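*Asks:* Got a structure for you, questions after.
The values are calculated or read from the model by the stated rules, or taken from the named source; none is laboratory data. What you see is a predicted model, and the numbers here were worked out from it, not measured in a lab. All Cβ positions, even for glycine, are placed from backbone atoms using ideal geometry, and neighbour counts span all protein chains on display. Side chains included, ligands, DNA and RNA excluded: accessible areas come from the protein's heavy atoms. Shrake-Rupley method; radii C 1.70, N 1.55, O 1.52, S 1.80 Å.
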Amino acid sequence: MLFPILYYLVSACLLTGILYVIWQDYRADNQPAPRNPAVLFGSLTFLLLLVMRLPSILYNQQLNEDESQVLTQAMTLWQDPVYGRSVDSGTIGPVNSYILLPFHALGLPFEYTLLRVTGMVLLIISLIFYYRSLQLLVSSRISRRLSFLVLTLFFASANHPDFLQYSSELTSLVLITGCFTLAMRVFRYGRPSISGLITLGFLAGLTAYCKLQSLPIVGTLLLVPAGYLLQTYRLSALRYGAALLAGFLMPTLLVFALAYRFGVADYFINYYFIGSLTTYSELYTALNGVQRGFGSNLLRFLSLQTQPPEFIFVVLVPCILTVAGALAGRRLSVRGPAGTWPLVLVIAPALMAGWAVIAPGTEFAHHLLLLVFPLGWLQAICLQAILNSPSIRLRKPQVVLFAGFLCLLAFTLNNSYVQVYGKSLVNYLRGKPVADVSQRLFNRNPAVFSFPDSLNVSRSAVAGIVRQYAVPGTDRLAVWGWNCRYYVQTQLAQGVSENHTPRSIIPNSMRQAYLNRYAADLLRNRPAVFLDAVGNTSLLLTKLSQRHENFALIHRIIRQYYVLAASANDVRIYVRQDRQLRLAAGHPMR
């Protein structure tokens, strides 16, 4: 396993080089920054990100079921680009699927690598916005660079699949960091421009079509500058407020204008907004059998039971330490003439991000991504407060050395070798059996420890059978259950708008509406193959009572138009009758 050793060695060297650049720069923190160190710092930091994310980018396998879901939607939109007619994403906004299409047009196939490349681009854009916002937020160059390094280190060294996967949080991060940067410009540059406020509102409004969960965060990024403008300009601030509101409404007006043009306005009203907001909690309450309140969810979050180690070590602990230090120094402030408004702009999104992550109670690790940048802004101003505080008996070299030590410690603790061998050593000392180390290393970080053996999408037995009856590009597939990998493995577009069916199966207030639409899609699109994937290979939907024959409307269509052709891996494969007869007669598929 030479590659993992080289991988961690090169990464450690890059991190050490970055810390050395920051160390060399601390003496000139209050002087104009020379160009070369800034370029060197930025180059090394993004190179660290690229090197450490490269194995996961090239890992052409599913990391999370959401990835196959979004990839399938993009594949379907490539053939029929009308959202709501060909695709229903549930709570994952349409932007997350559409944004994949330009990268596919550049030559990337509809495989998992397409997702990771797109995710990497979104992540880099978010980090660029973040660094620009730090330039507006704090005056200390050391604070900016250390804060930027901490967040980059988190994204680079993360092992948890939810942090490596392509998720709807990534598009939201671009908009959140973009909105924060534009909001800081309102505080820094005197009378704001109307175009800048419209752009701020537009980015905030676009968030509704990336991830509904992040709306409370961008809401604060609109309300705080609006409050500042009202306090500063009084009645003349009305036109600024109108510009923010116009920009915020613009994406929705554009979406519904197109939706009415293509006859799918009903989808956005009844399914994307009402359906997503009402059925989400109903589904997970039914699946978990319990509905906890916010207080209970908050206690679980604070107990650190639900957070992966990389989030704790690289994001949470440094933020807590810097906040504690700033409060001890009693010198928490933000640069600029806008008084305490920039401080409010930092704290409010952090609180809203915490609420957005904790309130649902689903405890998905990728939701924590919404907290990363708000905590980063908080950490930056607190670090600057520590550096500027006369009551804290630390000199800048000591702060830089301690921060560098924490970065190296977090990097070490997040190393798969350290985690696996450390746990094995503890088990050995306690007299417990020691598990197979190589398997545990693979489970901890399959992208690194399987490289380069996972560069191609694997095809299951089910996919092999389906390809005997359907042709990519012309035929379609329908899956009953929750396993969207079959779409990716067969390269077949969705034959139904709902590519996974928990809302049609699990009792909820809109189940009949989803069932009716699923049946209508089957009759309209006539997919060549129908898979009943409820069982061992399905996510969450595994009960016999959840199979299609227990839903009369769906069963009637399958019995009338399809025939059972095969079964594999607990998946039943039904082929449209006319396709089966044509193949039986020796005619080729068309």
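*Asks:* Would you calculate the convex hull of the Cα atoms in the stretch 154-212 and tell me its volume per residue in Å³?
*Replies:* 88 Å³
*Asks:* Which value, in debye to the nearest 20, describes the size of the charge dipole of the chain about its Cα centre when Lys and Arg Cβ atoms bear +1, Asp and Glu Cβ atoms bear -1, and nothing else is charged?
*Replies:* So the dipole magnitude of the chain works out to roughly 940 debye.
*Asks:* From the phi of every residue in the stretch 139-154, what ³J(HN,Hα) in whole Hz does the Karplus formula 6.51 cos²θ - 1.76 cosθ + 1.60 yield, where θ is phi - 60° and glycine or proline is x?
*Replies:* 8, 6, 5, 5, 4, 4, 6, 5, 5, 5, 5, 4, 5, 5, 5, 4
*Asks:* Oh, and also: Normalised by the empirical 2.2 N^0.38 Å for globular proteins, what value does the Cα Rg of the stretch 79-136 take?
*Replies:* Rg over 2.2 N^0.38 Å, computed on Cα atoms: 1.40.
*Asks:* What net charge do the residues around residue 181 carry, taking every other residue with its C-beta under 11 Å from that of residue 181, with Lys and Arg at +1 and Asp and Glu at -1?
*Replies:* +3
*Asks:* If packing is taken as the mean number of other Cβ atoms within 10 Å per residue, what is the order of 268-281, 197-210, highest first?
*Replies:* Ranked by mean Cβ neighbours within 10 Å, highest first: 197-210, 268-281.
*Asks:* When the helices in the chain are scored as -39500 (n - 2.57) per DSSP H run of 4 or longer and the sum is shared across all residues, what 222 nm value do you end up with, to the nearest 500 deg cm²/dmol?
*Replies:* -20000 deg cm²/dmol
*Asks:* Excluding ligands, DNA and RNA, what is the solvent-accessible area per residue of the chain at a probe of 1.4 Å, expressed in Å²?
*Replies:* 42 Å²
*Asks:* Taking every pair of distinct Cα atoms and averaging 1/r, then inverting, what Kirkwood hydrodynamic radius in Å comes out for the stretch 31-171?
*Replies:* 16.5 Å
*Asks:* Further question on the same structure: Rg to Rh ratio, the stretch 184-246, alpha-carbon atoms and Kirkwood radius?
*Replies:* Across the stretch 184-246, the Cα-based Rg/Rh ratio is 0.98.
*Asks:* How far, in degrees from 0 to 90, does helix 35-58 lean away from the longest principal axis of the Cα atoms of the chain, to the nearest 10?
*Replies:* 20 degrees
*Asks:* Tell me the angle of helix 112-137 to the major Cα principal axis of the chain, expressed in degrees between 0 and 90 and rounded to the nearest ten.
*Replies:* Tilt of helix 112-137: around 20 degrees.
*Asks:* Roughly how compact is the chain, stated as its Cα Rg over 2.2 N^0.38 Å to two decimals?
*Replies:* 1.04
*Asks:* Using each residue's phi in the stretch 369-377, evaluate 6.51 cos²θ - 1.76 cosθ + 1.60 at θ = phi - 60° and report the 3J(HN,Hα) Karplus result to the nearest Hz, with x for Gly and Pro.
*Replies:* 4, 5, 8, 4, 5, x, 5, x, 5
*Asks:* Hey, can you grab everything whose amide H is under 5 Å from the amide H of residue 476? Only 5+ residues off in sequence or another chain; H modelled, so Pro and N-termini drop out.
*Replies:* Amide H to amide H, under 5 Å and 5 or more residues apart or across chains, residue 476 pairs with 528, 529.
*Asks:* Report, in degrees rounded to the nearest 10, the 0 to 90 angle that the Cα long axis of helix 416-429 makes with the longest principal axis of the chain.
*Replies:* Between the helix axis and the principal axis of the chain, the angle is about 90 degrees.
*Asks:* Then there is this: Take every Cα-Cα distance within the stretch 153-310, group them into 10 Å bins from 0 onward, and report for each bin the whole-number percent of pairs it holds.
*Replies:* Per 10 Å bin, starting at 0, the Cα pair percentages come out as 9, 26, 31, 24, 9, 0.
*Asks:* Tally the DSSP beta bridges in the chain and give the antiparallel ones as a percent, rounded to 5.
*Replies:* Antiparallel bridges: around 65 percent, rounded to the nearest 5.
*Asks:* Given H placed 1.01 Å from N in the peptide plane, which residues other than close sequence neighbours of residue 565 have an amide H under 5 Å from its amide H?
*Replies:* Excluding prolines and chain starts, which carry no amide H, the hits are 573, 574, 575.
*Asks:* Taking 37 °C and 0.692 mPa s as the conditions, I'd like the Stokes-Einstein D for the stretch 237-318 in µm²/s, using the Kirkwood hydrodynamic radius from alpha carbon pairs.
*Replies:* The diffusion coefficient I find is 192 µm²/s.
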